[in-house]
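The values are calculated or read from the model by the stated rules, or taken from the named source; none is laboratory data. What you see is a predicted model; the values in this text were computed from it and never measured. A quick note on method: Cβ atoms are made from the backbone with ideal geometry, for glycine too, and the neighbour counts reach across all protein chains shown. Areas reflect the complete protein model, heavy atoms only, side chains present, ligands, DNA and RNA absent. Shrake-Rupley method; radii C 1.70, N 1.55, O 1.52, S 1.80 Å.
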Amino acid sequence: LIGTARNKYRDGIIETTRRNGEMVVRTSMQHMAASARDAFVQANSDIITQVEWVSTLDSRTTAQCAALDGTLFPLDSGPRPPLHIGCRSTVVPVLANKYLRDTLSQGRTRASKGENGGAQVSANLTYFEWLKTQPAAFQDEAIGKTRAILLRDGGLTSERFAELSLGKNFEPLNLAEMRRLEPVAFERAGL
(Lines give C-alpha, C1' and ligand atoms only; values in the text may rest on other atoms or scores of the structure.)
Protein backbone atom coordinates (compact mmCIF):
# COMPACT_ATOMS: atom_id res chain seq x y z
CA LEU A 1 0.00 0.00 0.00
CA ILE A 2 2.68 2.49 0.97
CA GLY A 3 5.44 0.99 -1.14
CA THR A 4 8.93 -0.13 -0.27
CA ALA A 5 11.57 1.66 1.78
CA ARG A 6 14.17 0.78 -0.88
CA ASN A 7 12.27 2.94 -3.39
CA LYS A 8 11.60 5.64 -0.78
CA TYR A 9 7.88 4.71 -0.83
CA ARG A 10 7.44 6.04 -4.39
CA ASP A 11 6.13 2.69 -5.67
CA GLY A 12 3.03 2.28 -3.50
CA ILE A 13 -0.63 2.80 -4.32
CA ILE A 14 -0.79 5.82 -2.03
CA GLU A 15 1.99 7.55 -3.97
CA THR A 16 0.33 6.73 -7.30
CA THR A 17 -2.92 8.24 -6.06
CA ARG A 18 -1.06 11.33 -4.81
CA ARG A 19 0.69 11.81 -8.19
CA ASN A 20 -2.60 11.39 -10.07
CA GLY A 21 -4.27 13.96 -7.83
CA GLU A 22 -1.36 16.34 -8.34
CA MET A 23 -1.67 16.04 -12.14
CA VAL A 24 -5.40 16.77 -11.99
CA VAL A 25 -4.76 19.87 -9.87
CA ARG A 26 -1.91 21.07 -12.11
CA THR A 27 -4.02 20.56 -15.23
CA SER A 28 -6.94 22.44 -13.62
CA MET A 29 -4.61 25.30 -12.75
CA GLN A 30 -3.31 25.32 -16.33
CA HIS A 31 -6.91 25.49 -17.59
CA MET A 32 -7.71 28.43 -15.30
CA ALA A 33 -4.53 30.27 -16.36
CA ALA A 34 -5.35 29.65 -20.04
CA SER A 35 -8.90 30.96 -19.53
CA ALA A 36 -7.58 34.13 -17.86
CA ARG A 37 -5.01 34.57 -20.64
CA ASP A 38 -7.72 34.15 -23.28
CA ALA A 39 -9.93 36.74 -21.55
CA PHE A 40 -6.97 39.16 -21.53
CA VAL A 41 -6.33 38.55 -25.24
CA GLN A 42 -9.99 39.05 -26.15
CA ALA A 43 -10.17 42.26 -24.09
CA ASN A 44 -7.14 43.61 -25.98
CA SER A 45 -8.08 42.45 -29.48
CA ASP A 46 -7.53 45.98 -30.76
CA ILE A 47 -3.75 45.58 -30.35
CA ILE A 48 -3.36 41.77 -30.31
CA THR A 49 -3.77 40.11 -33.71
CA GLN A 50 -2.97 36.44 -33.02
CA VAL A 51 -1.73 34.02 -30.38
CA GLU A 52 1.37 31.86 -30.66
CA TRP A 53 1.56 28.35 -29.19
CA VAL A 54 4.63 27.92 -26.95
CA SER A 55 5.68 24.47 -25.77
CA THR A 56 8.24 23.39 -23.21
CA LEU A 57 11.61 22.54 -24.78
CA ASP A 58 12.61 19.25 -23.17
CA SER A 59 12.44 15.49 -23.74
CA ARG A 60 9.04 15.08 -22.04
CA THR A 61 7.00 17.31 -24.39
CA THR A 62 4.20 15.39 -26.11
CA ALA A 63 4.01 14.96 -29.89
CA GLN A 64 0.99 17.25 -30.06
CA CYS A 65 2.59 20.11 -28.13
CA ALA A 66 5.95 19.74 -29.93
CA ALA A 67 4.29 19.96 -33.35
CA LEU A 68 2.19 22.99 -32.37
CA ASP A 69 5.14 24.98 -30.96
CA GLY A 70 5.51 28.29 -32.79
CA THR A 71 2.18 27.98 -34.61
CA LEU A 72 0.10 31.15 -34.90
CA PHE A 73 -3.68 31.03 -34.43
CA PRO A 74 -6.44 33.61 -34.81
CA LEU A 75 -7.78 35.05 -31.57
CA ASP A 76 -11.08 33.23 -31.86
CA SER A 77 -10.02 29.77 -33.07
CA GLY A 78 -7.41 27.07 -32.81
CA PRO A 79 -6.49 24.77 -29.95
CA ARG A 80 -5.75 26.11 -26.49
CA PRO A 81 -3.86 24.47 -23.65
CA PRO A 82 -4.20 22.23 -21.80
CA LEU A 83 -4.41 19.63 -24.56
CA HIS A 84 -3.84 16.74 -22.18
CA ILE A 85 -3.30 15.89 -18.51
CA GLY A 86 -0.11 17.57 -17.32
CA CYS A 87 0.12 19.90 -20.34
CA ARG A 88 2.83 22.53 -19.85
CA SER A 89 2.21 24.53 -23.04
CA THR A 90 0.78 28.02 -23.26
CA VAL A 91 -0.25 30.61 -25.82
CA VAL A 92 1.19 34.12 -25.89
CA PRO A 93 -0.31 37.22 -27.51
CA VAL A 94 1.16 38.57 -30.73
CA LEU A 95 0.98 42.34 -31.02
CA ALA A 96 -0.08 44.09 -34.22
CA ASN A 97 2.93 45.21 -36.27
CA LYS A 98 2.36 48.89 -35.59
CA TYR A 99 2.90 48.25 -31.86
CA LEU A 100 6.08 46.23 -32.25
CA ARG A 101 9.43 47.85 -31.90
CA ASP A 102 12.52 46.17 -33.33
CA THR A 103 14.14 46.16 -29.90
CA LEU A 104 11.23 44.19 -28.38
CA SER A 105 11.80 41.18 -30.59
CA GLN A 106 15.60 41.19 -30.72
CA GLY A 107 17.51 38.93 -28.38
CA ARG A 108 14.46 37.23 -26.86
CA THR A 109 15.20 33.86 -25.27
CA ARG A 110 13.30 30.96 -23.80
CA ALA A 111 14.23 28.18 -21.44
CA SER A 112 15.18 24.69 -22.61
CA LYS A 113 16.39 21.52 -20.97
CA GLY A 114 18.51 19.48 -23.35
CA GLU A 115 21.25 16.88 -23.10
CA ASN A 116 23.49 19.25 -21.09
CA GLY A 117 20.80 20.54 -18.74
CA GLY A 118 19.01 23.86 -18.68
CA ALA A 119 19.92 26.66 -21.06
CA GLN A 120 18.43 29.76 -22.64
CA VAL A 121 17.95 29.52 -26.41
CA SER A 122 16.57 31.90 -29.03
CA ALA A 123 12.84 32.47 -28.65
CA ASN A 124 12.58 32.13 -32.43
CA LEU A 125 13.40 28.41 -32.33
CA THR A 126 10.48 25.99 -32.61
CA TYR A 127 10.54 22.67 -30.77
CA PHE A 128 11.86 20.67 -33.73
CA GLU A 129 14.44 23.34 -34.67
CA TRP A 130 15.70 23.18 -31.09
CA LEU A 131 15.58 19.37 -31.06
CA LYS A 132 17.81 19.27 -34.18
CA THR A 133 20.52 21.00 -32.10
CA GLN A 134 20.51 18.17 -29.55
CA PRO A 135 22.57 14.95 -29.77
CA ALA A 136 21.04 11.94 -31.54
CA ALA A 137 20.58 10.00 -28.28
CA PHE A 138 18.56 12.86 -26.80
CA GLN A 139 16.44 13.10 -29.98
CA ASP A 140 15.80 9.34 -29.84
CA GLU A 141 14.62 9.65 -26.22
CA ALA A 142 12.43 12.67 -26.91
CA ILE A 143 10.49 11.52 -30.00
CA GLY A 144 11.47 7.88 -30.49
CA LYS A 145 14.25 6.41 -32.58
CA THR A 146 12.41 6.14 -35.92
CA ARG A 147 10.98 9.67 -35.79
CA ALA A 148 14.38 11.00 -34.73
CA ILE A 149 16.07 9.33 -37.73
CA LEU A 150 13.38 10.83 -39.98
CA LEU A 151 13.97 14.29 -38.46
CA ARG A 152 17.77 14.00 -38.86
CA ASP A 153 18.08 12.20 -42.18
CA GLY A 154 14.76 12.60 -44.02
CA GLY A 155 15.61 15.94 -45.59
CA LEU A 156 12.59 17.60 -44.00
CA THR A 157 12.50 21.10 -42.61
CA SER A 158 11.45 21.42 -38.99
CA GLU A 159 8.20 23.01 -40.19
CA ARG A 160 7.39 20.11 -42.53
CA PHE A 161 8.23 17.57 -39.82
CA ALA A 162 5.81 19.37 -37.48
CA GLU A 163 3.11 19.33 -40.18
CA LEU A 164 3.61 15.59 -40.67
CA SER A 165 3.34 14.95 -36.94
CA LEU A 166 -0.31 16.00 -36.54
CA GLY A 167 -3.56 15.28 -38.33
CA LYS A 168 -6.25 17.82 -39.15
CA ASN A 169 -7.76 17.70 -35.64
CA PHE A 170 -4.35 18.06 -33.96
CA GLU A 171 -4.13 14.34 -33.17
CA PRO A 172 -0.68 12.72 -33.49
CA LEU A 173 -0.10 10.72 -36.67
CA ASN A 174 1.51 7.30 -36.49
CA LEU A 175 4.52 6.39 -38.61
CA ALA A 176 2.45 4.64 -41.27
CA GLU A 177 0.33 7.77 -41.75
CA MET A 178 3.45 9.94 -41.90
CA ARG A 179 5.00 7.57 -44.48
CA ARG A 180 1.87 7.79 -46.65
CA LEU A 181 2.14 11.60 -46.66
CA GLU A 182 5.91 11.84 -47.24
CA PRO A 183 7.33 8.54 -48.61
CA VAL A 184 10.43 10.18 -50.10
CA ALA A 185 11.58 11.40 -46.69
CA PHE A 186 11.36 7.85 -45.32
CA GLU A 187 13.42 6.60 -48.29
CA ARG A 188 16.07 9.30 -47.75
CA ALA A 189 16.28 8.36 -44.07
CA GLY A 190 16.61 4.65 -44.93
CA LEU A 191 13.38 3.74 -43.14
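A few comments on the model shown:
- Segment 50-172 - percent of accessible surface contributed by carbon and sulfur, probe 1.4 Å: 51
- Average accessible surface for the chain: 60 Å² per residue, computed with a 1.4 Å probe over protein heavy atoms with every protein chain in place.
- The trypsin sites (Lys or Arg not before Pro) found in segment 93-191 that occupy coil by DSSP, while having at most 15 further C-beta atoms within 10 Å, are ARG101, ARG108, LYS168.
- From the C-alpha gyration tensor of the chain, square roots of 5λ in Å: 29, 27, 17
- The slack in the chain from ASN44 to ILE85, taken as 0.36 nm per residue of separation less the alpha-carbon distance, amounts to 11.9 nm.
- Considering only segment 47-171, percent of DSSP beta bridges that pair antiparallel, nearest 5: 95
- Checking every one of the chymotrypsin sites (Phe, Trp or Tyr not before Pro) in segment 1-82 against DSSP loop status and a limit of 14 other Cβ atoms within 10 Å picks out TYR9.
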